[in-house]
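Only the coordinates and a few stated rules stand behind these numbers; no lab work does. The shown structure was predicted, so the numbers you read here are calculated from the model rather than taken from an experiment. Every residue, glycine as well, gets a Cβ built from its backbone with ideal geometry; the counts of neighbours run over all protein chains shown.
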Amino acid sequence: MSAIPVDSVDLFDQGYARDPYPAMAALRENEPVKFDENTGLWLISRYQDVRSILLDPENFLPDNAIDAIGRFSVPTLRVLARVKFDLPQTLANNGSDSHAGYRRIMTRLFNAPAVAAAVPMVEKVVAEALDDVERRLAADGVCDLATTLARDVPFRVMLRLLDLQSAVDVGIDTLSRWSDASLELFWGRPRGEREVALAREAAAFYAWLTALVSKPAPEPGTLLGALAAHRLPDGERLGLNQKAAVVYFMIIAGQMTTTQMLGTMCLRALREPGLWQRFAAEPAAVAPWTEEVLRRDPPITTWRRITGRPVTVSGVELPAGAPLLLMLASTGSDPEVFDDPGQLCPYRSNVRRHLSFGLGRHRCSGAELARMEADVVMRMTTARLPRLRLSARTAPEMLALLSFRAPLQVLVERG
Ligand code: HEM
């Protein structure tokens, strides 16, 4: 039995973010369905419970998936109201019959042939990002991979795949600042002035997106073109708020998660003696190892559902309308499913059974793209900089949000 008292678990705590495994084990063992006073959510920590919930969209609705965790202050609400900030049901938060149509747009853009066709473009983007890393290493002696390579590659790839690069008149630094602020506003625990400042950034992002989706529609094969041509089940066209919400979600879902995954991968590969050099010599070893990092250290650590009717989970009765926090990271470390979960074993028989991309009707539309980006980045970076090493000055702080976890810095030097 785990010795951690489950009542002391604070999901926003830096200590929890650095080492969440003992607390997750305690929850799984002692209270697999536990009400969390801090967030007002029911924590669901066992693999089998989370899997069953994801596969049962009638009883467990996704409607609360991207809601803010707490109530915003009046000044924050005013800032958001000024730009008519609205995230109506579109993709991840849509349990209605309009979801399938939105999802078809995603499938057309990110299906396996589209991802395979994008490999040369991603290789070019990675090569340019590595030029930048080398320039910084030459000039400063160190480079932070979390805020260069891991951040820039998914941004540039996403803008190209969505055919947005010519429409985007702000730099990656601005987009990144807006996205970071949005994540903290909705999945963090900001208070007072900090909350209002984050809302200003999110509002600027939303206003910019509204202007973007108001422009004349481009080709139907692009995201904006597909949204302009799209009809809802009642035959209506999409409103500006629905289009803006899709692009907002896509920029965040398609970029931030992949950035976080790449940061974690680089850190883990550099920390484990000999692994970086092994990937340089044996690039085929990257893909199965990526699955293990996704299982043990997923960038999206939790995701939400709400009960549609009274249900029983692991013997606990929950009323209709109970908000649930599905602890995806905990499911990847559940010893009932993964033997010796603390070890990364790329050749375990169930290496792809993790739930880090969700499952069922809302399973991540970008999973293959994320995997491909991971492969190209690790393969090219280890080949070009095989002697890179982690700097002892790398700060240990993690991004510690309710649903997102990643290193904030991966400082490297030439070996
Ligand atoms: C390592 C990177 C990523 C991880 C860990 C991740 C994880 C997830 C998770 C956990 C969900 C919710 C699944 C559910 O409710 O069952 C999701 C949904 C989604 N993700 Fe990802 N994601 C990643 C990258 C991407 C990328 C690159 C894209 C863009 C192409 C993307 C697009 C989406 C979309 C559109 C949805 C909503 C699907 C729906 O509701 O039908 N994700 N993702």
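Please identify every one of the trypsin sites (Lys or Arg not before Pro) in the stretch 151-242 that sits in a loop by DSSP and has no more than 15 other beta carbons within 10 Å of its own beta carbon. Don't skip to the end; give the middle numbers.
Values: sites: Arg151, Arg156, Arg160, Arg177, Arg191, Arg194, Arg200, Arg231, Arg237; in loops: Arg191.
For trypsin sites (Lys or Arg not before Pro) across the stretch 151-242 that sit outside H, G, I, E and B with at most 15 neighbouring Cβ atoms in 10 Å, the list reads Arg191.
Please give the net charge around Ala116, taking every other residue with its beta carbon less than 14 angstrom from that of Ala116, where Lys and Arg add +1 and Asp and Glu add -1. In short, -3.
The lysines whose alpha-carbon is closer than 25 Å to the alpha-carbon of Lys34, local same-chain residues fewer than 8 away aside, do not include any residue. Go ahead and set up a Gaussian network model of the chain, Cα springs under 10 Å, then flag whichever of Asn64, Asn93, Asn38 fluctuates most. Among Asn64, Asn93, Asn38, the largest mean-square fluctuation in the Gaussian network model of the chain belongs to Asn38.
Assuming a viscosity of 1.002 mPa s and a temperature of 20 °C, what translational diffusion coefficient in µm² per second does Stokes-Einstein assign to the stretch 204-342, Rh being the Kirkwood radius over Cα pairs? Roughly 112 µm²/s, to the nearest whole number. Taking GluC sites (Glu not before Pro) across the stretch 164-270, the ones in a DSSP loop with at most 13 further Cβ atoms lying within 10 angstrom of their Cβ are Glu236.
Note that the stretch 6-414 carries a Kirkwood radius of 22.0 Å, evaluated over its alpha carbons pair by pair. Sparsely packed loop sites in the stretch 288-363 (the chymotrypsin sites (Phe, Trp or Tyr not before Pro) outside DSSP H, G, I, E and B with at most 15 other Cβ atoms within 10 Å) comprise Tyr347.
Most simply put, the chain has about 90% antiparallel DSSP beta bridges, counting only bridges with both residues inside it. Note down the net charge around Leu224, summing +1 for each Lys or Arg and -1 for each Asp or Glu among other residues with Cβ under 12 Å from its Cβ. Result for the local shell: 0. Please report the spacing between the Cα centers of the stretch 1-65 and the stretch 93-113 in Å, no decimals. What the calculation gives is 28 Å, centre to centre.
Each peptide in 393-405, 210-222 was scored by the mean count of other Cβ atoms within 10 Å over its residues; highest first, the order is 393-405, 210-222. In this structure the amide hydrogen of Phe60, modeled in the peptide plane, comes within under 5 Å of the amide hydrogens of Gly308, none closer than 5 places in sequence on its chain. Between the amide H of Leu324 and those of Trp42, Arg305, Ile306, Thr307, distances stay under 5 Å, these residues lying 5 or more places away or on another chain, with hydrogens modeled in the peptide plane.
Of interest is the spacing of the C-alpha centroids, which for the stretch 347-367 and the stretch 254-291 amounts to 18 Å.
Before rounding to the nearest 500, sum -39500 (n - 2.57) across all DSSP H runs of length at least 4 in the chain and divide by the residue total; then give [θ] at 222 nm in deg cm²/dmol. Result for the chain: -14500 deg cm²/dmol, rounded to the nearest 500.
Local charge for Leu87 was computed over the other residues whose Cβ lies under 15 Å away, with Lys and Arg +1 and Asp and Glu -1, and equals 0. Backbone geometry of the stretch 149-155 corresponds, through the Karplus equation with coefficients 6.51, -1.76 and 1.60 at θ = phi - 60°, to 3J(HN,Hα) couplings of 3, 5, 7, 6, 4, x, 4 Hz, x marking Gly and Pro. Taking a ≥ b ≥ c as the square roots of the Cα gyration tensor eigenvalues, with a/c under 1.5 meaning rounded and otherwise prolate when a/b beats b/c, else oblate, which class fits the stretch 315-361? Prolate shape, in that a/c is at least 1.5 and a/b is the bigger ratio.
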